[in-house]
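First up is the structure itself, then whatever we jot down about it.
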Amino acid sequence: MQVEETPLKDCYLLKPSVFKDKRGIFLESYNRKVFEEAIGIRDEFVQDNQSVSRYGVLRGLHFQTGEFAQAKLVRVIHGKVLDVVVDLRPGSPTFKKVYKVVLDDENLLQLYIPKGFGHGFITLSDISVFAYKCDRYYTPGAEGGIIYNDPDLAIDWQFPEEKMIISDKDLQQPTFKKLFE
């Protein structure tokens, strides 16, 4: 596994070893021992989630709060997304900074997102199958979010806003300023 630091503290881009032959490919998407050795993090993932989204679906920006904050390991099984994370940890040297990366079924990249980050993605292919591991169980009362088009974060989703498909819930999220200032 290759590991690359992102510009955000404690957030890593991972490329698993991929074995290709005439039959197709094989990769180990997660091995706790290799993961711990590669980035020195000992998260115990307890929940796997998967979503299927069509072209233009934007999900986010989401996070869990307090003791229910989640670290995540995310990847795309099928399709292509623009994945976006925001450091929401006051006191972090990268607080309020944004990082974006394309995850797809060709580059097979994975993103490790530590606790205290907001996360979202937009589907750039006809369909995406997005999978993620969490180190804490989802807790409805601990849900948090920030509006996708927050002016202070100024995220370029690289997609025409008028063609985005966004849930009513995500359209009602507060601004960064309302949550943190």
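For beta carbons closer than 9 Å, sequence separation of 6+ or different chains, a first residue in the stretch 1-13 that is surrounded by 14 or more Cβ atoms within 10 Å (Cβ to Cβ) and a second that is part of a loop (DSSP other than H, G, I, E, B) and charged (D, E, K, R), the qualifying pairs are Met1/Glu28; Leu8/Lys97; Lys9/Arg89; Lys9/Lys97; Asp10/Arg89; Asp10/Lys115.
Residues in the stretch 163-181 that are surrounded by fewer than 16 Cβ atoms within 10 Å (Cβ to Cβ), in a helix (DSSP H, G or I) and among the charged types (D, E, K, R) were compared, and the one that is nearest to the chain's Cα centre (by Cα) is Lys169.
Scanning the stretch 92-103 for residues that are surrounded by fewer than 21 Cβ atoms within 10 Å (Cβ to Cβ) and under 25 Å from Arg32 (Cβ atoms) gives Tyr99, Val101. Among the strands (runs of 3 or more DSSP E) confined to the stretch 87-162, the ones with at least 1 residues that are modelled with pLDDT of 95 or more and either hydrophobic (A, V, I, L, M, F, W, C) or more than 20 Å from Gly66 (Cβ to Cβ) (or both) are located at 98-104, 110-113, 117-123, 127-134. Only residues that are under 15 Å from Leu61 (Cβ atoms) and not small (Gly, Ala, Ser) were counted in the stretch 124-145, giving 3. Of the set (1) touching a Gly at 6+ places or on another chain (Cβ under 7 Å); (2) of a type in the set (Gly, Ala, Ser); (3) surrounded by fewer than 17 Cβ atoms within 10 Å (Cβ to Cβ), all apply to Gly60 but (3). Within the stretch 18-62, the set of residues being part of a loop (DSSP other than H, G, I, E, B), modelled with pLDDT under 95 and closer than 21 Å to Leu108 by Cβ comprises Glu28, Ser29, Tyr30, Asn31, Ile41, Asp43. Here Val81 does not fit the description of being free of Cβ contacts under 8 Å to residues at least 24 places away in the same chain and of a type in the set (Val, Ile, Thr). Among the residues of the stretch 104-155, just one is surrounded by 17 or more Cβ atoms within 10 Å (Cβ to Cβ), closer than 15 Å to Leu13 by Cα and over 13 Å from the mean Cα position of the chain (by Cα), namely Leu108. Consider the stretch 63-81 and keep the residues that are assigned to a strand (DSSP E or B) and touching a Gly at 6+ places or on another chain (Cβ under 9 Å). The one that is surrounded by the fewest Cβ atoms within 10 Å (Cβ to Cβ) is Gln64.
Within the stretch 144-152, does at least one residue satisfy the condition of being touching a residue at least 40 places away in the same chain (Cβ under 8 Å) and within 19 Å of Tyr55 (Cβ to Cβ)? Checked the stretch 144-152: at least one residue is touching a residue at least 40 places away in the same chain (Cβ under 8 Å) and within 19 Å of Tyr55 (Cβ to Cβ).
The values are calculated or read from the model by the stated rules, or taken from the named source; none is laboratory data. Keep in mind that this is a model prediction, so the values were computed, not measured. Virtual Cβ from ideal backbone geometry, glycine too; neighbours counted across all protein chains shown.
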